[in-house]
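Peer 1: Have a look at this one before I ask anything.
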Amino acid sequence: MQIQVGVVTVSDRASKGLYDDRGGPALKAAAGGYGWKVVAESLVPDEKSDIQRAVREQIGQGCQLILTTGGTGVALRDVTPEAVREIGSRELPGFGEVMRLESVKLTPTAILSRGLAMVVEKTLVVCLPGKPKGAVECLGFVAGAIPHCIEILQEQPTSC
């Protein structure tokens, strides 16, 4: 199954040109490694409305999966989970649970991550950490479940 992917980097500094976006390119490469096609990319500041607009625009461009990077920590400006929850219809808690469970084996501060997955319309949105290595690792922990989830959301016949 060819999955159409959008990548949203959430970063105040990168959106102002003060910092290079490394998370978005890392996720784009990882998605390609899974055989998925990145069809949309956005770079937005840590603002709920900007995050929500980017997600909605990418859904409008046909993205079946949107990967966000950044804004999942505990800093006051980290609002990605809240932004996505506000526009989503269902949270898939297993994604966040697995990402934290596996990440904490690599670094004890991973318990502070608020990564999650939500269904927004018929699109799966996975919110990943802002550090490129952490984003790619967390995606790897849940990648096996993504194609089946997309099939279900796209109302394709499945074996379950």
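The values are calculated or read from the model by the stated rules, or taken from the named source; none is laboratory data. As the structure is a computational prediction, the values presented were derived from the model and not from experiment. Neighbour counts run over all protein chains shown; Cβ positions are idealised from the backbone, glycine included. Surface accessibility is based on the protein's heavy atoms, side chains included, excluding ligands, DNA and RNA. Shrake-Rupley method; radii C 1.70, N 1.55, O 1.52, S 1.80 Å.
Peer 1: Which is among the aliphatic types (A, V, I, L, M), in a helix (DSSP H, G or I), at pLDDT 95 or above and farther than 23 Å from GLU137 by Cβ, of ILE59, ILE51?
Peer 2: Working: ILE51 fails: farther than 23 Å from GLU137 by Cβ.
Going through ILE59, ILE51 in turn, just one is among the aliphatic types (A, V, I, L, M), in a helix (DSSP H, G or I), at pLDDT 95 or above and farther than 23 Å from GLU137 by Cβ: ILE59.
Peer 1: Collect the residues in the stretch 65-78 that are touching a residue at least 24 places away in the same chain (Cβ under 8 Å), closer than 21 Å to GLY24 by Cβ and surrounded by fewer than 21 Cβ atoms within 10 Å (Cβ to Cβ), keeping them in residue-number order. First the steps, then the outcome.
Peer 2: In the first step, residues of the stretch 65-78 are kept if they are touching a residue at least 24 places away in the same chain (Cβ under 8 Å); the result is 65-74, 77-78.
Narrowing further to those that are closer than 21 Å to GLY24 by Cβ: 65-73, 77-78.
If the condition is that a residue be touching a residue at least 24 places away in the same chain (Cβ under 8 Å), closer than 21 Å to GLY24 by Cβ and surrounded by fewer than 21 Cβ atoms within 10 Å (Cβ to Cβ), then GLY73, ARG77, ASP78 are the ones that fit.
Peer 1: Check LEU27, LEU101 and return the single one that is aliphatic (A, V, I, L, M), open to solvent by 10 Å² or more (accessible area, probe 1.4 Å) and either at positive phi or not in a strand (DSSP E or B) (or both). Show your work before the answer.
Peer 2: Values: LEU27 fails: open to solvent by 10 Å² or more (accessible area, probe 1.4 Å).
After applying the criteria, what remains is LEU101.
Peer 1: Which count do you get for residues in the stretch 104-115 that are over 15 Å from CYS127 (Cα atoms) and part of a loop (DSSP other than H, G, I, E, B)?
Peer 2: 4
Peer 1: Moving to a separate point now. Output the number of residues of the stretch 118-160 satisfying the condition of being part of a helix (DSSP H, G or I), under 25 Å from GLY73 (Cα atoms) and either free of Cβ contacts under 8 Å to residues at least 40 places away in the same chain or of a type in the set (Asp, Glu) (or both). It would help to see each step written out before you state the result.
Peer 2: So in the stretch 118-160, the residues part of a helix (DSSP H, G or I) come out as 132-153.
If we keep only those that are under 25 Å from GLY73 (Cα atoms) too, we end up with 132-146.
If we keep only those that are either free of Cβ contacts under 8 Å to residues at least 40 places away in the same chain or of a type in the set (Asp, Glu) (or both) as well, we get 134, 137-138, 144.
Of the residues in the stretch 118-160, 4 are part of a helix (DSSP H, G or I), under 25 Å from GLY73 (Cα atoms) and either free of Cβ contacts under 8 Å to residues at least 40 places away in the same chain or of a type in the set (Asp, Glu) (or both).
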